[in-house]
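First the structure, in the form of structure tokens, and then the observations on it.
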Amino acid sequence: MKNTILSAKGLCKSFAHNGGQLHILSHIDLELYEDDFTVIMGASGSGKSTLLYALSGMDRATAGQVIYDGRDIVAMKEKELAELRHTEFGFIFQQMHLVSNLTLFENIVVPGYLNKRKTAAEVKSRAGELMEQMGISKVKTHLPSQVSGGEQQRCAIARAVINTPALLFADEPTGALNRKNTTEVLNLLTELNQAGQSILMVTHDTRAALRATRILYLEDGKIMGNLALPPYRAEEEKSRETQVNAWLSSMEW
């Protein structure tokens, strides 16, 4: 029996549009589990990123609840939300949002200093370990503009996990990368997950979805499908791809 790390109940999100309401998410019930690599897929406009933002507290739902650690994220005040996102959650985006005038190492350690749960020496030590794990220790003193897109994204991943988040949110993290860098980033995310990191990722890329232990299919703001998978193994990728593609076809992907 898996432990629930975050749950949504009756989650809705609407926007004012042309004098009416545009409904993006419609009464979603969802549980995310510890140690899972959950992927959300769906056509453009299906509400994938909106759902991720609502679950993470980056955007406030119109109605419903998002429960994390016994607390309703939807009902939190802005200060509480900021503290939650800073201490409990990690975020990776398609655009890396690195600070341009800081080195890669400095980009990684800043969130650790702000967290104040570890000494400066402990933060630096963990940052060094993460850079080694991400394969970017040789460019630690480089600025973001001096390294490749793949190296920037690996830096962004290290920054996202510097505070050991309970849940890592990733919105199209490979969307701006070439095939080689995509594979490297996916390998890192898979490694993190198989070491116990819970991940929720939005993607339109089937190659990325193959890394999931669970795929949710979103259509018109509703979850229409749920596919459970065993942990990813590279030697089984072909058969896994066949299974996932067949399932996505059944979802009319």
Quiz prompt | Pick from segment 69-88, criterion basic (Lys, Arg) and part of a helix (DSSP H, G or I), ranking: modelled with the lowest pLDDT | solution = ARG85
Self-check item: Positions within segment 103-139 being part of a helix (DSSP H, G or I), open to solvent by 80 Å² or more (accessible area, probe 1.4 Å) and modelled with pLDDT under 95, in sequence order
Solution: TYR113, LEU114
Quiz prompt | Selected residue [closer than 26 Å to CYS155 by Cβ, out of contact with any strand residue (DSSP E or B) (no Cβ under 9 Å at 6 or more places or on another chain) and among the charged types (D, E, K, R)] from GLU83, GLU78 | solution = GLU83
Quiz item: Among the residues of segment 173-180, is there at least one that is open to solvent by less than 30 Å² (accessible area, probe 1.4 Å) and out of contact with any Asp or Glu (no Cβ under 8 Å at 6 or more places or on another chain)?
Solution: yes
Quiz item: Out of segment 182-217, which residues are free of Cβ contacts under 8 Å to residues at least 60 places away in the same chain, more than 13 Å from the chain's Cα centre (by Cα) and open to solvent by less than 10 Å² (accessible area, probe 1.4 Å)?
Solution: THR182, LEU210
Practice problem: Output the number of the condition that GLN146 fails; it satisfies all remaining conditions of (1) in contact (Cβ under 8 Å) with a residue 60 or more places away in the chain; (2) of a type in the set (S, T, N, Q); (3) surrounded by fewer than 21 Cβ atoms within 10 Å (Cβ to Cβ). | Solution: (1)
Practice problem: Output the residues belonging to segment 35-66 that are open to solvent by 60 Å² or more (accessible area, probe 1.4 Å), closer than 26 Å to MET251 by Cα and either modelled with pLDDT of 95 or more or in a helix (DSSP H, G or I) (or both). | Solution: ASP35, TYR53
Quiz prompt | ALA228 open to solvent by 30 Å² or more (accessible area, probe 1.4 Å), more than 22 Å from ARG85 (Cβ to Cβ), of a type outside the set (S, T, N, Q) and without any contact (Cβ under 8 Å) to a residue 12 or more places away in the chain | solution = no
Exercise. Taking only segment 72-102 into account, find how many residues are charged (D, E, K, R) and either surrounded by fewer than 12 Cβ atoms within 10 Å (Cβ to Cβ) or touching a helix residue (DSSP H, G or I) at 6+ places or on another chain (Cβ under 8 Å) (or both).
Key: 4
Exercise. Return a yes/no flag: does segment 152-173 have any residue that is out of contact with any strand residue (DSSP E or B) (no Cβ under 9 Å at 6 or more places or on another chain), under 25 Å from ALA43 (Cα atoms) and not in a strand (DSSP E or B).
Key: no
Exercise. Check whether at least one residue in segment 222-239 is of a type in the set (Lys, Arg) and assigned to a helix (DSSP H, G or I), and report yes or no.
Key: yes
Practice problem: Taking ALA158 as the residue in question, decide whether it is in contact (Cβ under 8 Å) with a residue 60 or more places away in the chain and either open to solvent by 60 Å² or more (accessible area, probe 1.4 Å) or not acidic (Asp, Glu) (or both). | Solution: no
Exercise. Inspect all residues belonging to segment 14-30 and state whether any of them is open to solvent by less than 90 Å² (accessible area, probe 1.4 Å), closer than 29 Å to GLU191 by Cα and at pLDDT 95 or above.
Key: yes
Quiz item: within 21 Å of VAL161 (Cα to Cα) and part of a strand (DSSP E or B), is that true of PHE91?
Solution: yes
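The values are calculated or read from the model by the stated rules, or taken from the named source; none is laboratory data. These numbers come from a predicted model, not from an experiment. Please note: Cβ atoms are built from the backbone with ideal geometry, for glycine as well, and neighbour counts cover all protein chains shown. In case anyone asks, the SASA skips ligands and DNA or RNA and just uses the protein heavy atoms, side chains included. Shrake-Rupley method; radii C 1.70, N 1.55, O 1.52, S 1.80 Å.
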